[in-house]
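Here's the structure, in structure tokens; my notes come after.
The values are calculated or read from the model by the stated rules, or taken from the named source; none is laboratory data. Since the model is a prediction, treat every value here as computed from it, not as a measurement. Every residue, glycine as well, gets a Cβ built from its backbone with ideal geometry; the counts of neighbours run over all protein chains shown.
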Amino acid sequence: MKPVENMAHEDGVMPRSENIIHTLTVDKNTEDMSLQKTFSILGLVVILGIFSGFGLSYLSKAKTSSSTPQKMNTTGGNDVKESAGIADKKTFKDSAEGEIEEGGDKSGEGSFKLIRPGGDDQTAYLTSSTVDLSKYVGKKVRVYGETFSSQQVSWLMDVGYVEVLK
């Protein structure tokens, strides 16, 4: 075999004896099969992605609802007949005990009142986005919620958890 530099003509141009780029023959059936295979795999990946997303979403919701305790750790403990709502002490830091009455303040703040000992200035006006307070009208309860500022009433609370007391 001759070195490349020896193969060049005097003018520095290589003689053209053979094409450098060759054409490849592709079998039409092979091309169709690989295209079909590619789209099949892509479709399978998309379907598996959708199912795994729904599965993970379902599992995270199930884990969240099962990890939420049914009873809040309260001071009483044995004095509770039933409870309802979301038992989350981090969100619902405020609590109060009393008897629930229907009807809020004349100004429209609160849908219910929590009548507590000590007079009208101890009354808490209640709303709730998680518990149906109408089920507890006339009952002695302990409510947990978040206090909101109010222009018209002394205490406005969004209730998240209710315990009916014995």
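Do we find that V26 is at pLDDT below 75, surrounded by fewer than 11 Cβ atoms within 10 Å (Cβ to Cβ) and either touching a Phe, Trp or Tyr at 6+ places or on another chain (Cβ under 9 Å) or of a type outside the set (D, E, K, R) (or both) in this structure? Yes: the conditions hold for V26. Flag not set for S150, criterion: part of a helix (DSSP H, G or I), free of Cβ contacts under 8 Å to residues at least 60 places away in the same chain and either of a type in the set (G, A, S) or at positive phi (or both).
For region 83-104, filtered to residues that are in a strand (DSSP E or B) and small (G, A, S), the residue that is modelled with the highest pLDDT is G98. Checked across region 126-142, the condition of being in a loop (DSSP other than H, G, I, E, B), of a type in the set (F, W, Y) and surrounded by 18 or more Cβ atoms within 10 Å (Cβ to Cβ) holds for no residue.
In region 143-166, the qualifying residues are those that are surrounded by fewer than 21 Cβ atoms within 10 Å (Cβ to Cβ) and of a type in the set (S, T, Y), and the one that is nearest to the chain's Cα centre (by Cα) is T147. The conditions of being at pLDDT below 85 and outside any helix (DSSP H, G or I) are met by M14.
Just for region 105-125: of the residues that are among the small types (G, A, S) and either within 17 Å of A87 (Cβ to Cβ) or buried (at least 21 other Cβ atoms within 10 Å of the Cβ) (or both), which one is modelled with the highest pLDDT? Checking each candidate, the answer is A124. For region 110-121, the set of residues classified as assigned to a helix (DSSP H, G or I) and free of Cβ contacts under 8 Å to residues at least 24 places away in the same chain consists of D120 only.
Given the structure, is S134 within 15 Å of F148 (Cβ to Cβ), free of Cβ contacts under 8 Å to residues at least 40 places away in the same chain and not aromatic (F, W, Y)? No: the conditions fail for S134.
Reported count of residues in region 82-107, each being over 10 Å from V141 (Cα atoms) and more than 32 Å from the chain's Cα centre (by Cα), is 7. Inspection of region 49-69 finds no residue satisfying the criterion of being within 24 Å of V164 (Cβ to Cβ), surrounded by 15 or more Cβ atoms within 10 Å (Cβ to Cβ) and at pLDDT below 75. Restricting the first residue to region 75-101 and requiring it to be surrounded by fewer than 15 Cβ atoms within 10 Å (Cβ to Cβ), which pairs with a second residue that is at pLDDT below 80 and not hydroxyl-bearing (S, T, Y) meet a Cβ separation below 7 Å and a spacing of at least six or different chains? Matching pairs, first to second residue: D79/K166; K81/K166; K89/M72.
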